[in-house]
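Beneath this line is the structure, given in structure tokens, with notes to follow.
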Amino acid sequence: MATNYKRIAVAIDFSEQSLKACERAVKLAKEYGATLQLVNVIDTKSFGAITAYDLKYAEKLKEEHLTKIEKLRLEAQTAGVTEVLAVVETGSPKSILTQLPAVDLIVCGATGLNQLEKMVLGSVAERIVRLATCDVLIVR
């Protein structure tokens, strides 16, 4: 049975794996005529405990990530994807990425930047596979 994905989200942490996942998501979005949603989550859970510093650091990171993700958004449009949305969220990547509203497919890289977390808690990709309510494509 063929599935027609209308809204495809891709998890981006700017690692090589996530950029590969983004390339695949762009191809799929073009193929299906789908809306592509680029999602970056700044993991504020991994910050220390000094709140004022954390907020400034999170805002600075958010600005940097918005610039990077906007570049990816423009590249996806140039490649032929009609509707591309780009969001940078702060919080828990595992929670945010498994609760994206109205998404038919989530594309993510096999591993991201956080190797320590992968060993201790299981990777974000693994969590998405287990908890997402839609199809998930892991790109290697």
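A short reminder: the numbers here are calculations on the coordinates, not readings from a lab. Computed from a predicted model, the values in this text were never measured in an experiment. Cβ coordinates were reconstructed from backbone atoms using ideal geometry, including for glycine residues, and neighbour counts include every protein chain displayed.
Taking each of LYS68/LYS94; LYS60/LYS94; LYS6/LYS45 in turn, the alpha-carbon distance tops 25 angstrom for LYS6/LYS45.
Residue separation of PHE14 and ALA102 scaled by 0.36 nm, minus their Cα-Cα distance, works out to 29.3 nm of gained length. Mind checking which aspartates and glutamates have their Cα closer than 19 Å to the Cα of LYS20? Skip sequence neighbours fewer than 8 apart in that chain. Answer for LYS20, where 19 Å is the Cα cut-off: GLU31, GLU70, GLU75, GLU126, ASP135, listed by chain and number. One chain, two ends: LEU74 and LYS6. Fully extended at 0.36 nm per residue, the span grows by 22.5 nm beyond their Cα-Cα distance.
Highest average first, the peptides 19-27, 63-71, 80-88 ordered by how many other beta carbon atoms sit within 10 Å of their residues are 19-27, 80-88, 63-71. Close amide H pairs (under 5 Å, H built 1.01 Å from N) link ASP135 with ILE106, residues at least 5 positions away or on another chain. In order along region 125-140, phi translates into HN-Hα couplings of 4, 5, 5, 4, 4, 6, 10, 5, 8, 10, 5, 10, 10, 9, 9, 9 Hz, rounded to whole numbers, per the Karplus curve 6.51 cos²θ - 1.76 cosθ + 1.60 with θ = phi - 60° and x for Gly and Pro.
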